[in-house]
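Beneath this line is the structure, given in structure tokens, with notes to follow.
The values are calculated or read from the model by the stated rules, or taken from the named source; none is laboratory data. In this text the structure is predicted, and so the values were computed from the model without any measurement. All Cβ positions, glycine included, derive from the backbone under ideal geometry; neighbour counts span all protein chains shown. Heavy atoms of the whole protein, side chains included, go into the accessibility calculation; ligands, DNA and RNA do not. Shrake-Rupley method; radii C 1.70, N 1.55, O 1.52, S 1.80 Å.
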Amino acid sequence: MRMIARCWQVRTQRPIAYDVIESPHLFDPANAALLAFGRPGGRRFVVVDAEVARHYGTTIRAFFDRHRIEARSAVFPGGEEHKSIEAWQDILRALDAFPIHRRDEPIIAIGGGVLTDVVAYAAASYRRGVPHLKVPTTLMGYIDAALGIKAGVSFNGNKNRLGCFEPPLAVLLDKSFLRTLPRRHLLNGVCEIIKLAIVRDAGLFAALEAHAVASVDERFQNTAGDAILDAAIGGMLEELAPNLYEEELARKVDFGHTFSYGLEARHAHRLLHGEAVLLDILVSVAIAERRGLLAARDVLRVFALVEELDMGLDGGLLDGAAMWRSLIDRVEHRNGLQRVPLPAGIGDCIFVNDISRAELDAALSALRTRIRMNHEPALER
């Protein structure tokens, strides 16, 4: 018999409120958007990606000087290999050497998704939580990584194994940063837009078919690119906002994120995150086609879009053993069920819990064949 002498109940909720704000030319001295957050004339600890510092470091320093803000910059090397405990500790050491007020001098993260994730984790950890702002400078960060409240680092060979949920004060979007982004990194972000379009937005998929190539060519500085970005951001936030703490584990935004973890770990120096996600998407499309969930014409549309964007698919990177291990790990992450999103027509999806190793291998074989055929010279077909 269980006996309780006394029980004190604690029940509360932490409110989450932040804005995602488009602010062109964010570091123009005449732009006051960044100044709306934090104590005027105070201090700011700024973590900036190394490539961003190379292109925009002088502009960023001039902005803070112009507004008499004492800013200390820490330059962060890019790449998934730096999403680590060591990088997180380096940021915390630099921050601890430049003390800031606990509530009114926010940390500012300027860079891609790896950087904003690590900085958000540092902000959550330092003095048990200090405010931070996100300024994504990659397309991946702009439409995906920086929009939510997940923060963390990889650990023990596992991606994002340590972390927390930490909302920012705001996410400030300036697409002019995309002008200096290499084409491969633009396409890396487009992979996440394709993901969202396939499982929840047929209109966005059609817009990609019509305008993705031109938008990439113009670094999304065109009107059609604007519309694609707005739809992607709006769709992502509609998915994230009701489920920020992931109480519901069947998530459409996990499309492309079941098998990809294994591929990223297996080919850490060959695949960007979005490239691994794209291979996962195409494997999932192959499974959905074999199950009769996705019509052949829709499968052709997906592959035609990927071909038109010249994503440089390499079927030799598909590793069935690594991808199966990734699925097993996702079962643990998703609390005992696979909860794998599979497309059910363009713009919709269902969740399944019964993918077998044999089914995965059959889909991989079909995908390798399709990739090989699509890359054969026309005279050899």
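Side notes on the structure shown:
- You can think of it this way: the chain between Leu35 and His55 has 5.0 nm of extra reach, that is 0.36 nm per residue less the Cα-Cα gap.
- Accessible surface calculations at 1.4 Å, restricted to protein heavy atoms, place segment 74-154 at 33 Å² per residue.
- Segment 264-269 - phi-based ³J(HN,Hα) in whole Hz, Karplus 6.51/-1.76/1.60, Gly and Pro as x: 4, 5, 5, 10, 4, 9
- Here the Karplus curve 6.51 cos²θ - 1.76 cosθ + 1.60, taken at θ = phi - 60°, turns the phi angles of segment 317-322 into couplings of 7, 6, 10, x, 5, 5 Hz, with x standing for Gly and Pro.
- Nearest-ten-degree value, helix 113-125 long axis tilted from longest Cα axis of the chain: 50 degrees
- Annotation: for a label point projected 7 angstrom from Cα along Cα→Cβ of Arg179, residues of segment 213-234 with backbone N closer than 20 Å are 214-230.
- Inter-site label distance for Thr369 and Ala295 at 7 Å from Cα along Cβ, in nm: 2.3 nm
- MRE, 222 nm, helices only [DSSP H, n ≥ 4, -39500 (n - 2.57), over the chain, to nearest 500]: -14000 deg cm²/dmol
- Amide proton proximity set for Ile350, modelled H, under 5 Å, gap of 5+: Leu342, Ala344
- Nitroxide proxy distance, nm - points 7 Å out along Cα→Cβ at Glu70 and Leu249: 4.8 nm
- Two-decimal Rg/Rh across the chain, once Rg and the Kirkwood Rh are taken from alpha-carbon atoms: 0.99
- Kirkwood-based shape ratio for segment 217-296, expressed as Rg/Rh from alpha carbons: 1.04
- Amide H contacts under 5 Å for Phe155, placed H, 5+ residues apart: Asn160, Arg161, Leu162
- Per-residue surface analysis assigns Thr12 an accessible area of about 120 Å², computed on protein heavy atoms at 1.4 Å probe radius.
- Applying the Karplus relation 6.51 cos²θ - 1.76 cosθ + 1.60 with θ = phi - 60° to segment 223-232 yields 3J(HN,Hα) values of 5, 5, x, 4, 5, 5, 4, 4, 5, 5 Hz, where x marks Gly and Pro.
- Base-10 log of normalised Debye intensity for segment 128-180 (one unit scatterer per alpha-carbon) at q = 0.13, 0.14, 0.30 Å⁻¹: -0.38, -0.44, -1.13
- The mean sequence distance of close C-alpha pairs (under 8 Å, at least 6 residues apart), as a share of the length of the chain, puts its relative contact order at 14 percent.
- Amide H contacts of Ala74 (H built 1.01 Å from N, under 5 Å, at least 5 apart or other chain): Val46, Val47, Val48
- Length-normalised contact order of segment 242-381 in % [C-alpha pairs under 8 Å, at least 6 apart]: 32 percent
- Comparing Leu244, Ile107, Leu305 along the charge dipole axis of the chain, the residue lying farthest to the positive side is Ile107, per the Cβ-charge model.
- Among the listed pairs Lys83/Lys134; Lys150/Lys175; Lys83/Lys175; Lys83/Lys195, those with a Cα-Cα distance over 20 Å are Lys150/Lys175; Lys83/Lys175; Lys83/Lys195.
- For segment 205-250, the spread of Cα positions along the three principal axes, ordered from largest to smallest, is 39, 17, 12 Å.
- Build a GNM of the chain with springs between Cα atoms under 10 Å apart, and of Pro15, Pro242, Pro24 the one that fluctuates most is Pro15.
- GNM top mover of Pro131, Pro77, Pro182 - the chain, alpha-carbon springs below 10 Å: Pro182
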